């Protein structure tokens with residue numbers, strides 16, 4: 001078991017280094033994140049200002065914080081566009097993955113945690129400065145709050161990855177999954193609370209969101225890091241994230257097992 | 001680590017019984033890529049698994065390694081059920097799919113070896129010793145710090161083989177390991193595999209289109225055609241089985257009439273007004289010496305060569321005989 005932990009550490013490190021080789025993409029990512037952040041923060045802050053009072057607990061500063069913490073996370077938490085595994089199923093390259101004595105979903109998860117760590121440092125951290133300068137943001141006050149916030153980010157990355165992984169598993173059954181990944185991205189992005197806070201949703205939609213893992217991807221770590229959720233509420237939110245990571249992990253393992261029996265790699 | 005017969009659960013390291021895999025196809029009837037295949041491989045054997053494109057070679061290998069589920073029949077590899085015990089099996093086999101990489105594309109080659117050593121739970125001294133050995137034997141010293149994507153095909157194939165053999169597996173399965181390699185790269189890879197087998201008594205299963213691989217590496221040949229086993233035996237036996245003939249080419253002192261009617265031979269043709277003539281004969285019925293004696297009675301022989309059966313031709317005949 002200890003040996004396997006080292007293996008996952010090395011796989012994560014490989015994911016980190018692999019991502020670090022794409023310097024130009026990182027620079028472009030920082031630029032895009034900043035522009036997108038300025039737009040989001042401006043709209044949200046003016047919406048709150050237009051309402052003339054706090055909206056569902058958000059004043060101008062806290063909604064700016066919400067917007068910019070979302071920008072910090074967006075490079076790390078993969079909400080859209082990941083189809084590497086589905087592509088490998090369709091090309092047959094997945095055969096090489098199955099030759100390793102490791103569970104497939106954990107192999108990929110480790111690599112993604114490494115990728116996310118680099119994205120957080122290289123693409124996320126600069127957003128703290130941009131956000132603080134542009135429209136202001138709130139940071140955790142105590143080291144324990146920082147630690148809980150970072151743990152929440154890691155859980156958000158894992159949960160979002162495992163969600164994508166499950167969607168990619170559809171490739172075992174379907175020849176084409178682009179429509180499915182697109183639909184998933186739209187729903188996930190909305191219910192994760194990336195466009196507007198989940199707290200602003202109408203009651204029925206908030207209930208729908210609460211029944212899904214999506215708020216754990218963005219809203220939960222943003223709430224904790226911006227101080228919107230504190231104390232026991234923050235710990236409860238992290239416990240919910242842990243639950244979703246475990247549930248999605250178990251689902252990933254069993255769907256892989258079922259998909260493996262359906263795999264068709266012809267030739268080569 | 002060598003597997004004992006007790007650990008394998010029998011005398012065979014590969015045991016395939018009526019193995020079948022059917023692929024469903026859109027707008028076409030289902031295809032039995034592997035169709036009721038039965039064979040065994042004993043530990044330490046080196047088996048060439050040959051056949052035309054689409055004959056079922058790769059599909060068989062993917063069922064032996066736990067990648068594809070059989071439609072019917074059973075496969076046991078190193079004593080494991082490959083589908084149910086994929087991860088246990090993976091610790092005992094080393095596999096190279098010539099067209100699919102198991103290396104980390106964007107990272108220096110040595111990181112792939114480091115990760116694979118950890119995946120296979122090699123302790124640090126053993127990992128270092130084995131990596132150093134493979135780097136030396138496969139001449140990879142200069143490429144270790146290069147990203148895998150920048151390696152030439154020959155360099156990458158050597159790295160793939162090293163990656164598959166890092167944990168000293170009891171069974172090595174190579175699917176087209178020499179595809180696209182130049183003559184020198186092929187030769188050095190073969191030398192390495194011969195040495196590995198000699199020193200570790202590794203079992204080898206090899207698919208290839210290159211008959212040189214089979215001749216140099218394998219003591220047994222399985223020919224697969226349309227998902228079925230068409231031949232199982234030695235390479236020379238294969239040539240005998242399809243009745244391939246050897247060809248005697250003689251250079252004569254002077255232009256000579258066509259050498260028809262020499263016992264047990266067939267006249268194939270002549271060049272230069274009959275100075276060079278070609279005669280096919282069956283080595284089971286007559287000998288090169290007997291044919292030569294007959295020829296010498298008709299004309300002075302200055303030089304001669306004997307063309308051995310072309311193995312590609314042998315396989316082609318097997319295919320056409322079974323279709």
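Treat the count of other C-beta atoms within 10 Å as a stand-in for reagent exposure and order B:24, B:276 from fewest to most.
By the 10 Å Cβ count, ascending, the order reads B:24, B:276.
Determine the shape class of segment A:106-150: with a ≥ b ≥ c the square roots of the Cα gyration tensor eigenvalues, call it rounded for a/c under 1.5, and otherwise prolate if a/b is greater than b/c, oblate otherwise.
Judged from the Cα gyration tensor, segment A:106-150 comes out oblate (a/c at least 1.5, b/c at or above a/b).
Among B:269-275, B:177-183, A:71-77, what's the highest-first ranking by average C-beta atoms within 10 angstrom per residue?
Working: B:269-275: 13.1, B:177-183: 16.6, A:71-77: 25.7.
Put in order of decreasing packing, that is A:71-77, B:177-183, B:269-275.
How crowded by other chains is B:100-107, given as the mean number of beta carbons from other chains within 10 Å of each beta carbon?
For this peptide, the per-residue mean of nearby foreign Cβ atoms is 5.
If you count, for every residue in B:121-133, the Cβ atoms of partner chains within 10 Å of its Cβ, what is the mean?
Per residue, the number of nearby Cβ atoms from other chains is 1 on average.
Between rounded, prolate and oblate, where does segment A:2-262 land on the alpha carbon gyration tensor, with a ≥ b ≥ c its root eigenvalues, rounded for a/c under 1.5, else prolate if a/b exceeds b/c?
Prolate is the answer for segment A:2-262, as a/c is 1.5 or above and a/b outweighs b/c.
For residue B:99 and residue B:136, what does the FRET efficiency come to when R0 = 25 Å and r is the distance between their Cβ atoms, rounded to the nearest 0.05?
Computed FRET efficiency for residue B:99 and residue B:136 comes out at 0.40.
Count, for each residue of A:97-110, the Cβ atoms from other chains sitting within 10 Å of its Cβ, then give me the mean as a whole number.
So the per-residue partner count for this stretch is 4.
Averaging sequence separations of C-alpha pairs under 8 Å and six or more residues apart, then dividing by the length of chain B, give the relative contact order as a whole percent. Present the calculation step by step, with values, prior to reporting the outcome.
Working: 594 pairs, mean separation 58.7, N = 323.
Relative contact order comes out at 18 percent.
Per DSSP H run of at least 4 residues, take -39500 (n - 2.57); add these up for the protein assembly as shown, divide by its residues and hand me the 222 nm value, nearest 500 deg cm²/dmol.
-16000 deg cm²/dmol
Quick check on the protein assembly as shown: take the gyration tensor over C-alpha atoms, sort the square-rooted eigenvalues as a ≥ b ≥ c, and tell me if it's rounded (a/c under 1.5), prolate or oblate.
prolate
What number, in percent, do you get for the relative contact order of chain A if the mean sequence gap of Cα pairs under 8 Å and at least 6 apart is divided by its residue count?
On the way: 333 pairs, mean separation 71.6, N = 268.
Here the relative contact order equals 27 percent.
For chain B, with a Gaussian network of springs between Cα atoms less than 10 Å apart, report the residue from B:301, B:47, B:223 with the top mean-square fluctuation.
Top of the fluctuation ranking is B:301.
Springs between alpha-carbon pairs under 10 angstrom, Gaussian network model over chain A: which of A:111, A:95, A:237 fluctuates most?
A:95
Can you give me the angle between helix A:232-262 and the longest principal axis of chain A, using Cα atoms only, in degrees from 0 to 90, rounded to the nearest 10?
Once rounded, the angle reads 20 degrees.
If we sort B:26-33, B:151-158 on the protection proxy, mean other Cβ atoms within 10 Å, highest first, what's the order?
Result, highest mean Cβ count within 10 Å first: B:151-158, B:26-33.
Compute the acute angle (0 to 90°) between the alpha-carbon long axis of helix B:288-298 and the principal axis of greatest extent of the alpha-carbon atoms of chain B; round to the nearest 10°.
20
Under the definition of Cα pairs under 8 Å and six or more residues apart, what whole-number percent is the relative contact order of segment B:244-322?
RCO, segment B:244-322: 41 percent.
With a 10 Å Cβ neighbour count serving as the proxy for reagent exposure, in which order, fewest first, do A:137, B:211 appear? Walk me through the numbers before you get to the answer.
Working: A:137 25, B:211 18.
Result, fewest neighbours first: B:211, A:137.
Just B:202, B:74, B:287 to compare: in a GNM of chain B, with alpha carbon springs under 10 Å, which one fluctuates most?
Most flexible of the set in this elastic network: B:287.
Specify the angular offset, from 0 to 90 degrees and rounded to the nearest 10, of the alpha carbon long axis of helix A:178-191 from the longest principal axis of the alpha carbons in chain A.
30
Throughout, read-outs are computed from the coordinates displayed, never taken from laboratory work. Worth saying up front: this structure is predicted, and the values here are computed from it rather than measured. Virtual Cβ from ideal backbone geometry, glycine too; neighbours counted across all protein chains shown.
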